[in-house]
Amino acid sequence: MRANRSIPSSTIIPVLRYSDVPQAAAWLCRTFGFTERLRIGDHRVQLHVGDGAVVVADSGTENTAPLPTHAIMVRVADVDAHHIQADAAGAVILHLPTSYPYGERQYTAVDIGGHIWTFSQTVEDVEPADWGGELLTP
């Protein structure tokens with residue numbers, strides 16, 4: 001799998017939503033020993049501990065519906081092939097595969113339990129400052 005400075009190297013990355021992202025990130029670091037890796041405005045922070053990672057994201061609303069409290073991001077080698085397989089197997093696709101300026105191609109699906117999964121393929125190694133991120137520790 002390709003490396004990208006804009007995403008943690010972990011294969012599976014939990015995404016936890018909070019109403020106050022900076023406060024939650026600071027609390028998780030102070031309380032559980034996480035380290036801030038990357039800040040994206042005040043709406044998203046990547047944290048790491050050991051070889052693991054977690055993303056703290058804003059719990060705001062999208063299309064006037066509250067976002068779920070958590071989601072899971074999984075890094076895959078070929079997001080388009082993965083999307084075709086998931087779609088054929090009956091996953092509800094929320095967002096089709098799309099390439100983003102931070103060097104990831106992603107799609108989002110819902111599983112049979114209502115859990116949200118984002119599958120991500122690194123397509124380019126991008127300096128976070130190029131798209132508005134602030135890399136704190138590599």
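The values are calculated or read from the model by the stated rules, or taken from the named source; none is laboratory data. This structure is a prediction, so every number in the text was calculated from the model and none was measured. We place every Cβ from the backbone using ideal geometry, glycine too, and count neighbours over all the protein chains shown.
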Does residue 100 satisfy the condition of being under 25 Å from residue 130 (Cβ atoms), surrounded by 12 or more Cβ atoms within 10 Å (Cβ to Cβ), within 17 Å of the chain's Cα centre (by Cα) and among the hydroxyl-bearing types (Ser, Thr, Tyr)? yes
Taking the stretch 49-61 as the search range and keeping residues that are out of contact with any helix residue (DSSP H, G or I) (no Cβ under 8 Å at 6 or more places or on another chain) and buried (at least 21 other Cβ atoms within 10 Å of the Cβ), which one is nearest to residue 12 (Cα to Cα)? 53
One residue is enough: does the stretch 14-23 have a residue meeting the conditions farther than 26 Å from residue 121 by Cβ, more than 15 Å from the chain's Cα centre (by Cα) and in a helix (DSSP H, G or I)? yes
Could you check the stretch 41-52 and list, in sequence order, the residues that are at pLDDT 95 or above and of a type in the set (A, V, I, L, M)? 45, 47
When the stretch 24-38 is examined, which residues are found to be more than 17 Å from the chain's Cα centre (by Cα) and assigned to a loop (DSSP other than H, G, I, E, B)? 33
